[in-house]
Amino acid sequence: MPGRDSDAVTEAAARPERRPLGRALAVHVARELVFPTLLALAGLTLLAIAAELVSYTDLVVNRGFGASEVTEIALLSALPMVGRATPYSVLLGAVIALGRLAADREILAIQASGIAPLRLVAPVVSFAAALTVAAVAITARIRSRLSRTSSTGR
């Protein structure tokens, strides 16, 4: 009988215990996602606005619009662009954040502590879902308001 207990202890030591992802670790992963995602969102939106500003030169040169009117048109068109750029920025932010975690060997430390690396998916999916809701709100509500204001002229 004494051999049987030692076999159970050896078996338990060989198989690491899988613990759920703690709140502190989930917050850490979410914080790692925020900056690269927002940076990617700003960059993609700025790139889309810059590409569209080229088409606005016609308004300035041929129709006599001022810089303030063109700036207002560009900023109003930026909001729907944010809604379209959000999925790409979340993807890019997740790749950068998880790549940084892997480069700093934090994923290895998580594995060594007995937490499965697939548990990192939950904070990433939660963050992506929150930004998806925000993008849908921007696309649905603000775009309809912009359509109304552009049709009324105010």
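Just so you know, all these numbers are worked out from the coordinates, no wet-lab data involved. In this text the structure is predicted, and so the values were computed from the model without any measurement. For neighbour counting, all protein chains shown are included, and Cβ atoms are generated from backbone atoms with ideal geometry for every residue, glycine included.
From the list L44, L91, pick out the single residue that is free of Cβ contacts under 8 Å to residues at least 60 places away in the same chain and either loosely packed, with under 13 Cβ neighbours inside 10 Å or farther than 30 Å from R23 by Cβ (or both).
On the way: L91 fails: either loosely packed, with under 13 Cβ neighbours inside 10 Å or farther than 30 Å from R23 by Cβ (or both).
When all the criteria are applied, what remains is L44.
Restricting the search to the range 79-93, which residues are of a type in the set (A, V, I, L, M) and touching a Pro at 6+ places or on another chain (Cβ under 8 Å)? Working first, answer last.
Taking the range 79-93 and keeping what is of a type in the set (A, V, I, L, M), we get 79, 81-82, 85, 90-92.
Within the range 79-93, just L92 meets the criteria.
Out of the residues in the range 94-111 meeting the condition of being farther than 22 Å from A130 by Cβ and in contact (Cβ under 8 Å) with a residue 12 or more places away in the chain, tell me which one is surrounded by the fewest Cβ atoms within 10 Å (Cβ to Cβ). Break it down stepwise before answering.
Going residue by residue through the range 94-111, those that are farther than 22 Å from A130 by Cβ are 102-111.
Of the ones still in play, those that are also in contact (Cβ under 8 Å) with a residue 12 or more places away in the chain are 107, 110.
Values: I107: 16, I110: 19.
That would be I107.
Applying the selection to the range 112-124, what residues are free of Cβ contacts under 8 Å to residues at least 60 places away in the same chain and surrounded by fewer than 12 Cβ atoms within 10 Å (Cβ to Cβ)? Spell out how you get there, then give the answer.
The initial filter retains those residues of the range 112-124 that are free of Cβ contacts under 8 Å to residues at least 60 places away in the same chain, namely 112, 117-118, 121.
A112, L118 - these are the residues of the range 112-124 that are free of Cβ contacts under 8 Å to residues at least 60 places away in the same chain and surrounded by fewer than 12 Cβ atoms within 10 Å (Cβ to Cβ).
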